[in-house]
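To keep things clear, I will list the structure first and then write my remarks on it.
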Amino acid sequence: MTVSEKDLLRAKLDEVRGALLWKLDGLGEYELRRPMTPTGTNLLGLVKHTASVELDYFGRVFGRPSGIALPWLADDAEPNADMWATPDQTSAEIIALSRAAAERTAATVDALDLDAEGTVPWWTRNPVTLRQILVHVTAEYARHAGHADIVRELVDGSAGMRPGATNLPAVDDEWLTDYRQRLEAAAHEAARRSDARVRIDA
């Protein structure tokens, strides 16, 4: 059976969204919100951010607003307001927001052709197509799912790609300790051999 391009794009977006949500599983309110990097990256904030932008991309961009208020995306909102949840915003509400975003996306994808055009108010290159937005939002989710992988491991040591498929080698803690020590030694040796700084040309 041949799978359509639209179904492939939809499935990949569903997959990375699910991978990000899974990183919340089993945690309490503090662990969900705890900032684990100097810039404040936290698990619940990643879900709030991705759900919010998904609602906008598959809603307002194609003239199909969700009707869900997103004050943290307003022009006058404080910086990073979409990247963390206040104590008044429950984790259940943020997860429900993600579910609502998924439903809005499904409805828009069902209703429109991949070549259907929309306008992204905060982009300079318009119009855009549904195909472009599916790819863009999937990339956005994939980036933040990677962030969530690292944050969750920092929170409680849990790691893996998704339920039933961790994509990790079957090794014990002793092996991992030795592995990290070998990586640390390799890093020191490489630095001893060269003090050059990597520069990536744009």
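Taken together, the values in this text are just the output of simple stated rules run on the coordinates, not laboratory data. Here the structure is a predicted model, which means the values were calculated and not measured. Here Cβ is always computed from backbone atoms with ideal geometry, including for glycine, and neighbour counts include all displayed protein chains.
If Rh is defined by the Kirkwood formula over all Cα pairs and Rg also comes from Cα, what ratio Rg/Rh do you get for region 57-118? Please list the in-between numbers first.
Values: Rg = 13.6 Å, Rh = 13.2 Å.
Ratio of gyration radius to Kirkwood radius for region 57-118: 1.03.
How big is region 5-169 in terms of Cα radius of gyration and Dmax, in angstroms?
15.9, 47
With n ≥ 4 as the cut-off for DSSP H runs, can you work out [θ] at 222 nm for the chain, using -39500 (n - 2.57) per run divided by the number of residues, rounded to the nearest 500? Mind dumping the intermediate values first?
Working: 6 runs with 108 residues, N = 202.
Calculated mean residue ellipticity at 222 nm is -18000 deg cm²/dmol.
How many nm separate the modelled label positions at THR119 and THR177, each set 7 Å beyond the Cα in the direction of the Cβ?
In this crude label model, THR119 to THR177 measures out at 6.2 nm.
With an 8 Å Cα cut-off and a minimum separation of 6 or more residues, compute the relative contact order for region 15-156 in percent.
Working: 159 pairs, mean separation 47.2, N = 142.
Relative contact order, region 15-156: 33 percent.
Most exposed first by the Cβ proxy, i.e. fewest other Cβ within 10 Å, how do TYR57, TYR179 rank?
Details: TYR57 24, TYR179 12.
Result, fewest neighbours first: TYR179, TYR57.
Summing +1 for each Lys or Arg and -1 for each Asp or Glu, what net charge is found among the other residues whose Cβ lies under 14 Å from the Cβ of VAL16? Numbers along the way, then the final one.
Details: positive: ARG10, LYS12, ARG17, LYS23, ARG143, ARG162; negative: ASP14, GLU15, GLU54, GLU140, ASP149.
Once positives and negatives cancel, what remains is +1.
If you put +1 on each Lys and Arg Cβ and -1 on each Asp and Glu Cβ, how big is the dipole of the chain around its Cα centre, in Debye rounded to 20?
Details: 23 positive and 32 negative charges, 85 e Å.
Charge dipole of the chain: 400 debye, to the nearest 20.
Can you pull out the trypsin sites (Lys or Arg not before Pro) in region 135-202 whose DSSP state is coil and whose Cβ has at most 10 other Cβ atoms within 10 Å?
Details: sites: ARG143, ARG152, ARG180, ARG182, ARG192, ARG193, ARG197, ARG199; in loops: ARG197, ARG199.
Here the trypsin sites (Lys or Arg not before Pro) that fit, given the DSSP loop and packing criteria, are ARG197, ARG199.
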